[in-house]
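We did not get these values from a lab; they are worked out from the coordinates using the rules stated. Worth saying up front: this structure is predicted, and the values here are computed from it rather than measured. Cβ sites come from the backbone with ideal geometry, for glycine too, and all protein chains shown count toward neighbours.
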């Protein structure tokens with residue numbers, strides 16, 4: 001089985017049988033599978049790692065289509081112009097203003113409050129290149145919005161996307177980052193030379 005059958009009602013959804021069928025076909029052609037269980041949470045952050053290649057999203061997108069998952073993502077507000085504004089928002093895009101008072105965490109937390117269901121996906125490394133100091137923006141958003149973090153990993157040697165675990169932040173940046181990186185340490189991206197190193 002390439003994708004889970006029993007998905008929680010709390011998961012935000014998008015698409016239809018047609019987009020789902022296309023996603024399933026591509027997943028089958030790639031020979032990948034997804035493992036693990038999605039939690040019954042209406043609102044959460046989704047941290048995706050290790051992010052080492054553009055191929056990460058080539059693999060992830062058909063799974064998102066097959067699951068009919070509406071995964072929200074951050075994008076600078078200048079990109080939300082006619083005629084793409086409504087399309088980007090429908091697809092899950094969240095316009096952000098990096099210069100606004102309170103920062104991005106406050107803006108995204110506001111979006112969480114305004115939506116009944118929202119899963120916001122982000123790659124903590126912030127780059128495909130090796131980065132041993134992960135960006136903590138996803139943690140600050142989780143703190144501001146008071147939501148848990150779902151850890152999802154690319155595992156290229158085993159051709160799988162692994163839904164690892166649901167992490168509930170303690171509020172301490174150093175402690176939370178250490179534990180999250182520890183849990184991702186067991187997986188390998190497509191380009192190991194680009195993968196950040198974390199000493200436990």
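Numbers for the structure displayed
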read-out: Gain on full stretching of the segment that runs from residue 133 to residue 19 - 0.36 nm per residue minus C-alpha separation; value: 37.4 nm
read-out: Mean separation of Cα contacts under 8 Å (6+ apart) over length of the chain, as relative contact order %; value: 27 percent
read-out: DSSP-defined antiparallel bridges as percent of all bridges, segment 17-193, nearest 5; value: 25 percent
read-out: Computed helical MRE - 222 nm, the chain, DSSP H runs ≥ 4 contributing -39500 (n - 2.57), nearest 500; value: -10000 deg cm²/dmol
read-out: Extended-chain gain in nm, criterion 0.36 nm per residue less alpha-carbon gap, residue 61 and residue 37; value: 6.8 nm
read-out: For the chain, projected area of the alpha-carbon convex hull averaged over all directions, nm²; value: 11.5 nm²
read-out: Residue exposure sequence - 162, 178 - by fewest surrounding Cβ within 10 Å; value: 178, 162
read-out: Exposure proxy order (Cβ contacts within 10 Å, fewest to most) of 110, 72, 2; value: 110, 2, 72
read-out: Least to most buried among 27, 58 (fewest other Cβ within 10 Å first); value: 58, 27
